[in-house]
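The values are calculated or read from the model by the stated rules, or taken from the named source; none is laboratory data. Treat the numbers as computed from the prediction; the structure is a model and nothing was measured. Heads up, the Cβs are rebuilt from the backbone with ideal geometry, glycines too, and the neighbour counts pull from every protein chain shown.
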């Protein structure tokens, strides 16, 4: 019985907190998602089947959303990285503005608080391509201005990390409470 079930809502697994072992697994997978379950288990202190079950549970829960390849921008002729701030009239997230997500040069789109409405992370072949993207943005109804920040050097760029800082350092001027 091959019945189509795409329109049937599946039961979601119960929400479960990510524990210390899960964080270790995620840390290994962020570094290399192709590691075998045997090596993964060895690196986090689990048997290969237990490591496999943990990864399956992390996928089902949504903690692992996807597995992706990180591409060297130079290899695909997109060495120019820029952050583009977009100012709009009214609410920035319009269907017309979100349509820029169709361009593969647009890597991220964020609505933000502060002195701008939206922030784009883009990679282009050169400044001419960036200028073409900016021209496209200015054709979008509601866009009033943009500010582009071209990256000269990148010292850290990484995906979401599983670790959490337990104790942030206290600035020296705040070490002694006033009350």
TODO: Within the stretch 89-122, track down each residue that is under 16 Å from residue 78 (Cα atoms) and either assigned to a loop (DSSP other than H, G, I, E, B) or in contact (Cβ under 8 Å) with a residue 40 or more places away in the chain (or both).
DONE: 103, 104, 105, 121, 122
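One line per residue, one yes/no per condition, for (1) surrounded by 12 or more Cβ atoms within 10 Å (Cβ to Cβ); (2) over 30 Å from residue 27 (Cα atoms):
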{"position": "89", "(1), (2)": "no, yes"}
{"position": "104", "(1), (2)": "no, no"}
{"position": "116", "(1), (2)": "yes, yes"}
{"position": "120", "(1), (2)": "yes, no"}
{"position": "164", "(1), (2)": "no, no"}
{"position": "176", "(1), (2)": "no, yes"}
Task: Positions within the stretch 1-35 being outside any helix (DSSP H, G or I), at pLDDT 90 or above and either surrounded by 12 or more Cβ atoms within 10 Å (Cβ to Cβ) or more than 24 Å from the chain's Cα centre (by Cα) (or both), in sequence order - done: 18, 33, 35
- [ ] Determine, yes or no, whether residue 125 is in contact (Cβ under 8 Å) with a residue 24 or more places away in the chain and surrounded by 10 or more Cβ atoms within 10 Å (Cβ to Cβ).
- [x] yes
